[in-house]
Amino acid sequence: MKKAVRSRKYFAPQTDDKERRCDHPGCNKPGEYRAPKNRKLKEYYWFCLEHVQEYNAKWNYYEGISTEAPEEEPKRRMHFRGFKSRIKYNFGYNIKDDFGFFGEYATDFAAMDEVYYNEEERRFLQVMELKPSEVSIESIKKQYKKLVKKYHPDVNQDDKNAEEKFKQLTIAYKALLAKFS
């Protein structure tokens with residue numbers, strides 16, 4: 001079953017059992033479509049289809065606002081990405097591997113009690129060649145400076161792998177620094 005495609009814009013009638021006439025001067029058609037009178041969007045004109053299309057084409061929401069002194073914007077709530085959690089997580093990749101069965105998937109269990117790393121952050125730690133137990137702001141900055149000298153494109157002009165490693169290194173540095181600062 002195909003969805004119907006409309007060739008023109010569709011304006012749905014917004015009637016509420018009241019018989020209204022078009023607010024356009026000289027028009028006696030029924031006023032089925034509402035259009036805002038001002039920016040507050042509390043009061044409306046009621047027009048017929050022909051006049052609501054004409055009104056909407058000319059209406060400007062920003063009319064009368066000076067560009068020199070902008071209105072004070074309402075305060076917005078900070079998005080959750082801006083918050084840092086202080087909760088100690090007891091799930092995830094906390095694997096105590098005394099016998100070495102899990103190899104690279106096992107982690108330093110003592111370090112995991114303090115900070116939780118998701119999969120992406122673990123990848124960033126690998127790119128920066130850091131262990132979870134030795135992560136601090138100072139160690140991140142120190143390791144970044146060391147690796148930048150090693151993989152910088154000016155030093156390795158013909159090596160595309162070094163250039164890609166440098167890009168990954170920069171992304172990892174910014175992400176880890178944001179997590180710990």
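The values are calculated or read from the model by the stated rules, or taken from the named source; none is laboratory data. Only a predicted model underlies this, so the values are computations on that prediction, with no experimental measurement involved. Protein only, heavy atoms only, side chains kept; ligands, DNA and RNA dropped before computing areas. Shrake-Rupley method; radii C 1.70, N 1.55, O 1.52, S 1.80 Å.
Data overview
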| read-out | value |
| --- | --- |
| Stretch gain in nm, segment Y55-Q157, where the contour uses 0.36 nm per residue and the Cα spacing is subtracted | 30.5 nm |
| Heavy atoms of R20 accessible to a 1.4 Å probe, total area in Å² rounded to 10 | 50 |
| Karplus-derived 3J(HN,Hα), 6.51/-1.76/1.60, for each residue of region 137-143, Hz, glycine and proline x | 4, 5, 5, 5, 5, 5, 5 |
| Length released on extending from Y44 to E138, taking residue separation times 0.36 nm less the Cα-Cα span | 27.8 nm |
